[in-house]
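A short reminder: the numbers here are calculations on the coordinates, not readings from a lab. This structure is a prediction, so every number in the text was calculated from the model and none was measured. Quick reminder, even Gly has a Cβ in these numbers, built from the backbone with ideal geometry, and neighbours come from all protein chains shown.
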Amino acid sequence: MRIAVLSGKGGTGKTLVSVNLAAAAAQALYVDCDVEEPNGHLFFRPEKVESTPVDVLIPQFNWNLCNGCRVCVDFCKFNALAYINNQPFLFPGICHSCGGCTRLCPQKAIQDVPKNIGSIKRGPSGAVTILSGIMNTGIASGVPIIHRLLQIVKEEEGLVVLDCPPGSACTVMESIRDADYCLLVAEPTLFGMHNLECVCNLAKIFQKPFGVVLNICTGEENPSETFCRQNNYPILASIPFDYEMGRLNSDGEIAVRRLPSYEKLFRELLSTITLEIKRLCA
């Protein structure tokens, strides 16, 4: 069972929900897909962490064979290749490692060479296994790292909680591709409501069942709640504005391991999602 937790913007409490949802389970795999700024490990503090490098292939030219035919330059739709001083010039930061230039070169003047773009770290924290992708500074896209994370997830059984990147860009699309359910986290502001609408539309485009968690609820007007009720989107849980929760979160503590009320809330949330997935699969 794969639950993707996402939000339309940063700072809504997506990681808070992801971490506590995984910690509330008897056993779980927590996957931090926010490869630009992974921070789930700061809460779980995994031990015996193993690191695996993630490489992609980029073109390397043999100038003794290249005749300047421009076939590779004309093919590249990402403009990672330019024709300068009668020869191709590579901008490695925007190369998407598709390999098309290597395959099309009539002179066989291009070969693919590995380039490190980040790493994947894995380690246990109690009954939760932590899997985090980390992208190197200056890399244009974290999609290859997320793709590698999801390849590992396919081999796992049981509960998997995917802590997605914020927003609705390519990295989020890659993260939810194989999810069984999307859990959308929203804050009680107009800005939060508009971003919630973006991820609701994304979940519908990918034909993923979804529900909403309202965070930082104060009991006052909540545009995100109004939006959900107007569109008949299921609200699965409401997390109150709570100074104690805020203190625990800022200290890197997991609320379900400290406060019985939040242990109950997240266990009930997990149970609700599990029953919904079973109903949809029946």
Inset, instruction - Could you check what % of the DSSP bridge pairs in the chain are antiparallel, to the nearest 5? - result: 50 percent
Inset, instruction - Kindly express, to the nearest 10 degrees and within the range 0 to 90, the angle between helix 190-205's C-alpha long axis and the longest C-alpha principal axis of the chain. - result: 70 degrees
Legend entry - Whole-number Å³ per residue for the convex hull built on Cα positions in segment 159-282: 121 Å³
Inset, instruction - Rank Ala28, Ala169, Ala255 by mean-square fluctuation in a GNM of the chain with C-alpha springs under 10 angstrom and give only the top-ranked residue. - result: Ala169
Inset, instruction - Return Cys198, Cys101 ranked ascending by Cβ neighbour count within 10 Å, so the fewest neighbours appear first. - result: Cys198, Cys101
Legend entry - Residue among Asp55, Asp112, Asp32 with the largest mean-square fluctuation in a Gaussian network model of the chain, springs linking Cα atoms under 10 Å: Asp112
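Could you tell me what % of all Cα pairs in segment 63-108 have separations over 13 Å? Let's see the in-between values first.
On the way: 523 of 1035 pairs.
Every Cα pair in segment 63-108 considered, those over 13 Å come to 51 percent.
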Inset, instruction - Report, ordered by chain and residue number, the aspartates and glutamates lying within cross-link reach of Lys115, taken as a straight Cα distance under 12 Å and ignoring same-chain residues fewer than 8 apart. - result: Asp55
Inset, instruction - Before anything else, pin down the relative contact order of the chain: Cα pairs under 8 Å, at least 6 apart, normalised by residue count, whole percent. - result: 27 percent
Legend entry - Contour excess over end-to-end distance, with Cα ends at Asp242 and Arg279 and 0.36 nm allotted per residue: 10.0 nm
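Quote the charge dipole size of the chain about the Cα centre in Debye, to the nearest 20; the model charges only the Cβ of Lys and Arg (+1) and of Asp and Glu (-1). Working shown, then result.
Working: 25 positive and 28 negative charges, 158 e Å.
For the chain, the charge dipole is close to 760 debye.
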Legend entry - Cα-only Debye scattering, the chain: base-10 log of I(q)/I(0) at q = 0.06 Å⁻¹: -0.24
Inset, instruction - Using R₀ = 35 Å, calculate the FRET efficiency as 1/(1 + (r/R₀)^6) where r is the Cβ-Cβ separation of Leu104 and Glu50; round to 0.05. - result: 0.35
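How high is the FRET efficiency between Phe206 and Asn64 when r is their beta carbon distance and R₀ equals 30 Å, given to the nearest 0.05? Display every interim value, and only then the final one.
Numbers: r = 47 Å, r/R0 = 1.57.
Efficiency, rounded to the nearest 0.05: 0.05.
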Inset, instruction - Under a cut-off of 30 Å between alpha-carbon atoms, report the lysines in cross-link reach of Lys14, not counting same-chain residues fewer than 8 places apart. - result: Lys48, Lys121, Lys154, Lys204, Lys208, Lys264, Lys278
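Based on alpha-carbon positions alone, could you give the equivalent ellipsoid semi-axes of segment 7-98 from the gyration tensor, as √(5λ), descending, whole Å? Before the final figure, lay out each step's value.
Details: eigenvalues 394, 51, 19 Å².
Working through the eigenvalues yields semi-axes of 44, 16, 10 Å.
Test of the criteria: in segment 87-117, which trypsin sites (Lys or Arg not before Pro) are in a DSSP loop and have at most 12 other Cβ atoms within 10 angstrom of their Cβ?
Numbers: sites: Arg103, Lys108, Lys115; in loops: Lys108.
In loop regions of segment 87-117 (DSSP not H, G, I, E or B), the sparsely surrounded trypsin sites (Lys or Arg not before Pro) are Lys108.
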